1. Where does the stretch A:185-299 land on Rg/Rh, using Cα atoms and the Kirkwood Rh?
2. Could you work out the mean count of beta carbons from other protein chains within 10 Å of each residue's beta carbon in B:468-474?
3. For the stretch A:100-243, with the dipole built from +1 on Lys and Arg beta-carbon atoms and -1 on Asp and Glu ones, taken about the Cα centre, which of A:SER126, A:HIS220, A:THR151 lies farthest toward the positive end?
4. Just to confirm my numbers, what's the Cα centroid distance between the stretch B:602-641 and the stretch A:297-333 in Å?
5. In nm, to one decimal, how far is the modelled label at B:ARG380 from the one at B:HIS516, with both set 7 Å along Cα→Cβ?
6. Give me the dipole magnitude in Debye, nearest 20, for the stretch B:365-474 about the Cα centre, with unit charges on the beta carbon: positive for Lys and Arg, negative for Asp and Glu.
7. Determine, at each q value in 0.09, 0.18, 0.21 (inverse angstroms), the log₁₀ of I(q)/I(0) that the Debye formula gives when each Cα of the stretch B:501-647 is one equal point scatterer.
8. Could you work out, residue by residue across A:332-341, how many beta carbons of other chains sit within 10 Å of that residue's beta carbon, and then give the average as an integer?
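The values are calculated or read from the model by the stated rules, or taken from the named source; none is laboratory data. These numbers come from a predicted model, not from an experiment. Don't worry about glycine lacking a Cβ; one is built from the backbone with ideal geometry, like all the others, and counts go over all protein chains shown. For accessibility, only protein heavy atoms count, side chains too; no ligands or nucleic acids. Shrake-Rupley method; radii C 1.70, N 1.55, O 1.52, S 1.80 Å.
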Amino acid sequence: MWGRSASFLLDKRLRDQHPSLSSPSSSSPDSTMDPNPNPNHGVSAYYQTRAEHHAIVSSDWLAQAQAAVDREGDTALMEGPHASAAVSLSASKPFSVIDEFNYWRKKPDLAEAVAAIMALAAVIRSCEATTMMELEIELKKASDMLKSWDTTSISLSAGCDLFMRYVTRTSAVEYEDFHAAKLRLIERGEKFGEISMKARRTIAMLGQDFVFDGCTILVHGFSRVVLEVLKLAASNRKLFRIFCTEGRPDKTGLRLSKELAALGVPVKLLIDSAVAYAMDEVDMVFVGADGVVESGGIINMMGTYQTALVAHSMNKPVYVAAESYKFARLYPLDQKDLEPALHPIDFGVPIPSGVEVETSARDYTPPQYLTLLFTDLGVLTPSVVSDELIQLYL
Amino acid sequence: MDNRRPSRTVSDPKVRQVGFVTPGAAPPARYLSEVPTTAAASSPPSGEPAPPAISISPVMIPPPRHSPSPSAPLAVPNPARRESLQIQVGGYNPPEVLLGSPPLTSPSSRMDDTVSQFSEDPSMSPCDGRSGAAKVAPSFPGSSGEMMVMKAGTVGGGSNTPKSSWTTASVAKTRPGIQEKEREAFVGTQNDGAGASKTLKEKTTKAERRALQEAQRAAKAAAKESGAGVKLSAAPGGAVPANTKQGKVVKSPAQKKDGPQVANPSVSSEKKVVDRPPEKDRKKDIPPPRMQFDDIHRVEKAKRRALVYQFEAKNRVELFRHLPQYIHGTQFPDLETKFFQLDPMHPSVYKVGLQYLSGNISGGNARCIAMFLAFREAIRDYSTPPEKALVRDLTAKISSYVSFLIECRPLSISMGNAIRFLKNRIAKLPDTMPESEVKSSLQSDIDRFINEKIVIADKVIIRHAVTKIRDGDVLLTYGSPCVVEMLLVYAHEVGKQFRVVIVDSRPKLEGQALLHRLVAKGISCTYTHVNAISYIMHEVTRVFLGAASVLSNGTVYSRVGTACVAMVANAFQVPVLICCEAYKFHERVQLDSICSNELGDPDVISKVPGRKDLNHLDNWADTENLQLLNLTYDATPSDFVSMIITDYGMLPPSSVPVIVREYRRENLWI
């Protein structure tokens, strides 16, 4: 409805009847959906985590960055609950998935989905169920809780679903002994976690082949997988240079450029709006992904879509590096067809009253603008994603 | 089913042999290239006398193995003549050969699988066993030959790449018949081959043709005198008379060859299966299952056989001559009078046939359900005649029903899939099962299919689709797809706020009924004709469409006009969602809406209801240079489809082959 010129009076009447329709961004979806809401409202927990990770790894650098000041505050604020969570965990109070999850989540190199997987594996371990059914129900409850903890994180829910799938699909019936079955489940869960942790390295191996000497790579957003790919390529003595977008509003590009510069890779920083300007020098575009959806498209940090569009129109390949636990059974039809993940934007100056701000933190890039996906399942074309998903879930 | 795999490898040779069979015309370069390999591969096993080779064109650049064995497996006399023709061809096409052949092989082999289910439509017909054959026969080779003649005249090689590609497609499609376990299909194919060569020859000259046939016959007979009698008996049901009737010289020898093989397997179905592969090679030579209605001879034959009196359609549109011409309206009264004379036809099937004919039942699901319910009744009333095996006799019965239904209206793809399912169930029945149990199990199978694959599937689709409707949406639909109607009603019931635009088109105006029903439910609607699509599209946020079938390249085969709507929607960046049950998926690949389609009544587009003064087309049939075309389906390329909603979830069009691959088996066996 938005953005379409309504020639129909009917249309207008409809909108009058439902004023909320005309300002979709004003209503916070989080508040309606969240049974156990996370502390900060209006901010996607997913992006909080990211910010946190950044802060932990490069707080020294971020401290220097003017723009990151309030982020720092944010992080400090977040530190509190987590610390207490860790304490509560060690005090072996009643087990909580969320706490466990947060504990894992704090590890800087651990992706959110892997943290979820670890947390769920811990659920199995600490579970006191005596039958398979009970265990499954408990696991389901835990994963639902995790998912509802942050409805905006695609990889979190995808990771939970995958784990459930992977773990429960085992023919547990074969083991008459419940304990044997449980052990097997734990084993599977841990194995899955291991696989997921190794995923990044696999992807780096696959992806670095695409980096050739003398190429220029445009990177949008900060992705640990992309960084891994570039690191490996650099350590293989490939000579290439990187264009980093600034990555407003959380300035993820600055962080990436710092890491790359430390590796000795020539880096140039662009503002986000200079993508088209720089594109003709670029040989390929690398992006990460928050989630890979059924159509083969990706959901990623705001600006990925426009980068991919520009690259597509200039016939530059767009490569996506994403672990397979980010594959989600979602199928957005357009940008608005997503659970919005909100992220406040600091413009540096007060916003004039009566002006609305688009705070959505991510966008959806349709598959036709992507060239290849580097995943731990191999290098895939976008259309294979659905194939994999069907095989996983059906 | 199991044997299908092995057969697959064989399939390629068959295609090649097709080429061989129609040597005179020396059609597509592809054939040439293929023939050699086939010969090499298939000749030894077939054990044919391998009469001196009709050397397949020396010119062609053959696959490596071929070159040494120019001797073709088939005993075709007249090498000299052939050679000359082929040489010509070869000269023309060498490059094409290179280009053309590789693609051909891969699709063809792939298609094989498809074939079986596909065969349902075209080759299903074998009502008396042979009818199917006859129908099928004309399809491929004949038409291609004809084309050739028209185009190239003496130069056989004139056929060009485009044509070849076209033929390939048809082969792939038609071929399925082969796969069918049914012997009929087999026979039919054989006939085909013969027919094809025949037609080609006819085009050349009578004398020549005659000579060639004679020669072929002689050679074949000599080679394989043994089987004739056996073979005939082997043919199921009425096949025997049919074959004899056809009485084409060429044909009978060909049949003879197969005779012995067929006969043996017939003893037990398992055995048959085992024996199959070798036969298959042979069969594969045979062309396509699909009836090409521009083949005069085939059509003649079909007419003689037909239950329904067929009128000659006038002023056929050139590009669509190969499709069955619309004649339904005229035969309706005729059929009605025959109601009590049609002994073999079960009344419920007859009724459904008439309903198809009159258009009272339309829409993929409705037709499929009606057909299955009729079959269910027929099975209930069925009793095995003495001296016959239930499995075989019932299959033949069903086939005859199907061919009757085809005469009333060509089968839809979904019906083909459903029939395939039923036949599979019948074929899998254990021999020992008592008749009453068989009948009840088949009836429950039918119920289950209807329930699981249609009713419940629709519910699942609706649950999925409703998540894509947001408050404030403007949804557009075209025609009257039943799933979409259920979806809209459901979405309204769960309280979504949306508006519907119903786009309709002449001549069926099915949208009006939909409009009526939706408005009665209190949904706010807009009704317009497809002419206004580009005006209305800019306010639409979602397009929901139904489909008659989704093909494995993601092409949506649906009511004519759908492609137009989808393209306009795409141009306006409006997502197009196709709602389609998975049982309608088909492995076939189709690139246009020409090679397979259904023709409707041309009269309805010549008249404007309520405007007596617009009578310019009143006597259009008398004007020779005027042709009216009323197509029923069109093909929407997958580029214009954002999503396909099916019982397996929401998928991109590129995943259709995945579903087909992963669930075909399941669909067949349930």
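1. Numbers: Rg = 15.4 Å, Rh = 15.1 Å.
That ratio is 1.02, to two decimals.
2. Details: counts 4, 0, 6, 6, 10, 1, 7.
Average per residue, whole number: 5.
3. Value: A:HIS220.
4. 46 Å
5. The two pseudo-label positions are separated by 3.0 nm.
6. Values: 18 positive and 14 negative charges, 68 e Å.
For the stretch B:365-474, the charge dipole is close to 320 debye.
7. Log10 I(q)/I(0), no solvent term: -0.34, -1.15, -1.34.
8. On the way: counts 3, 11, 6, 0, 2, 5, 0, 0, 0, 0.
Partner Cβ neighbours, averaged per residue: 3.
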